[in-house]
Amino acid sequence: MAEYNVKSLKAEEFINDGEILDTLDYAEKNKDNLELIDKILEKAKERKGLNHREASVLLACENEEKIKEMYALAKQIKKDFYGNRIVMFAPLYLSNYCVNGCVYCPYHMKNKHIGRKKLTQEEVKKEVIALQDMGHKRLAIEAGEDPKNNPIEYILECINTIYSIKHKNGAIRRVNVNIAATTVENYRKLKDAGIGTYILFQETYHKKSYEQLHPTGPKHNYDYHTEAMDRAMEGGIDDVGLGVLFGLEMYKYEFAGLLMHAEHLEAVHGVGPHTISVPRIKRADDIDPNVFDNGIDDDTFAKICALIRIAVPYTGMIISTRESQKVREKVIGLGVSQISGASRTSVGGYTEEIRPHDTEQFDVSDNRTLDEVVLWLMKMGYIPSFCTACYREGRTGDRFMALCKSKQIQNCCHPNALMTLKEYLMDYASEETRKVGEELIKSELENIPKEKVKKICKDHLEKIEQGIRDFR
Ligand code: SAM
């Protein structure tokens, strides 16, 4: 039996099944132990995070009063570290060719109903211009795994094309990448191409289920997939994004595994994950309905989000349009810091007038336009941010974490968010959104603590009004 060892580079040791089962047992036995729960909550209030065992006890706890305390703490931590900013992004599907057999994903190789499509560079350009015309500055590129149709050279060419497009006032300033686990050499190439975060969802941490859910193709190899982030970091990528596809396995197991993975990255590389995504499985074309048996309800989902916020306060949390407006509203308050807007999950979907479904990965639950999402956020008191400054200033990995821990975010990210929102309002927003946004910027300027920074920000806002763009 493999031993649990957080610093090991072997998947079976840092995501150790015995340790997870022991943790779940410990959590179950202590779920009514109010003394221990209070102690864990006290520790969480120090805002230095919790380990997987402590966080699992909170997840197991069903005491309503204590759950209310968890939610209040998650809200407070979110406010302290991220203020009221919400970073905006959109996914861009490059290709749905895939050689894997993932039983929950409509891109699986045997699916003959789905139209297979791969964007040409000319089509990438058109998609990016459509996204820029909405106001997006940050993309997450997505592709199936297919060494013949989507080799790393194709992905690199697409990244290059995306960064090279200057259109009206728009330019994509950060390309995050969600492609299959690959080699150190390929991660180095992605790093050299200037990617932002490398995102790879674990799907499930449970090895046996993982192998059943990925019966064929390179993705079948659990260890290779689970050790991908170590290879990415070895290849020089500072920012990595973890995620679990909730609904595939038992959520308590996934939650413990996810936190153990974060602890492992911190222990080995000195920096934890930059982001954690919390996708929930959605029904999709050519998928056996039994795959969806472990689905979780909205309340459990909210509790997971709140506890991730408490357990890893410095890690951004991402929610996609898989979730409805209602669910997004709830979890944004509990700790989510990045959301996608106006997403289309089909290859070439942004250039179609009507949302196409034929090459789609899954149905989106939030179909609003970016302008509607921006307005909705502002009406709830959030600042939609199109900022990408950290990445361009080299503030990635541990340097970003240091900024977060120094609590200087309010003097740095807050003004940047206001400036990029101002750009959005000037260049892309509807009249109503612009009106609401201008008022928000006016009042939020007062929340910049340092007078000197406030003055610089005011000065830049005036310059944006005069037509100058892209302040760093
Ligand atoms: N090929 C890459 C890989 O293997 O990681 C990227 C995969 S895909 C474009 C992005 C993510 O979509 C997957 O990691 C998976 O978690 C998610 N996904 C697949 N099928 C889904 C479904 N039916 N509902 C919700 N999310 C799904």
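The values are calculated or read from the model by the stated rules, or taken from the named source; none is laboratory data. Quantities reported herein were computed from a predicted structural model and do not represent experimental measurements. Every residue, glycine as well, gets a Cβ built from its backbone with ideal geometry; the counts of neighbours run over all protein chains shown. With ligands, DNA and RNA removed, areas are computed over all heavy atoms of the protein, side chains included. Shrake-Rupley method; radii C 1.70, N 1.55, O 1.52, S 1.80 Å.
Okay, helix-only estimate at 222 nm for the chain: each DSSP H run of n ≥ 4 adds -39500 (n - 2.57), divide by all residues, round to 500 deg cm²/dmol; what do you get? Mind dumping the intermediate values first?
Values: 20 runs with 227 residues, N = 472.
Value at 222 nm, helices only, nearest 500: -14500 deg cm²/dmol.
Both radii come from the Cα set of the chain: Rg as radius of gyration, Rh as Kirkwood radius; their ratio Rg/Rh reads 0.95.
Extending each Cα 7 Å along its Cβ direction at ASN221 and ILE129, get the distance between those two points in nm, one decimal. Each label point is offset 7 Å from its Cα along the Cβ direction, giving 4.1 nm.
At a probe radius of 1.4 angstrom, the accessible area of the stretch 154-212 per residue rounds to 38 square angstrom. For the stretch 195-305, the relative contact order comes to 30 percent (Cα pairs under 8 Å, sequence separation of at least 6).
What pairs in LYS112/LYS191; LYS125/LYS458; LYS125/LYS463; LYS207/LYS282; LYS303/LYS326 have C-alpha atoms more than 24 Å from each other?
Details: LYS112/LYS191 35 Å; LYS125/LYS458 34 Å; LYS125/LYS463 29 Å; LYS207/LYS282 22 Å; LYS303/LYS326 15 Å.
Going by Cα-Cα distance, LYS112/LYS191; LYS125/LYS458; LYS125/LYS463 fall outside the 24 Å limit.
Carbon-plus-sulfur accessible fraction, the chain (probe radius 1.4 Å, protein heavy atoms only): 50%.
With contacts taken as Cα pairs under 8 Å and at least 6 residues apart, the stretch 245-340 reaches a relative contact order of 32 percent. Partners of LYS118 within straight-line reach, counting aspartates and glutamates whose Cα lies under 14 Å from its Cα and excluding those fewer than 8 residues away in the same chain: GLU127, GLU142, GLU145, ASP146, GLU153, GLU157, ASP358, GLU360. Taking a Cβ cut-off of under 9 Å around LEU41, the surrounding Lys, Arg, Asp and Glu residues balance to a net charge of +1, with basic ones at +1 and acidic ones at -1. Label zone of LEU9 (point 7 Å out along Cα→Cβ, amide N under 20 Å): in the stretch 244-287 this covers 261-273. What the stretch 246-391 shows is 31 Å² of accessible area per residue, with the surface traced by a 1.4 Å probe over protein heavy atoms. Each Cα pair under 8 Å and six or more residues apart adds its separation to the average, and for the stretch 31-166 the resulting relative contact order is 24 percent.
Each Lys or Arg adds one and each Asp or Glu subtracts one; over the other residues with Cβ under 15 Å from the Cβ of LYS125, this totals -1. With a length cut of 15 Å (Cα positions projected on each helix's long axis) and a Kyte-Doolittle mean of at least -1.0, go through the chain and give me the DSSP H helices that pass. Answer set is 17-29, 34-45, 64-82, 121-134, 152-164, 251-269, 298-311, 409-427.
Mind running the shape call on the stretch 207-289? Use the C-alpha gyration tensor, a ≥ b ≥ c as the square roots of the eigenvalues: rounded below 1.5 for a/c, prolate if a/b tops b/c, oblate otherwise. Taking the square roots of the gyration eigenvalues as a ≥ b ≥ c, the stretch 207-289 is prolate. Each Lys or Arg adds one and each Asp or Glu takes one away; over the other residues whose Cβ falls under 15 Å from the Cβ of PRO218, this sums to -3.
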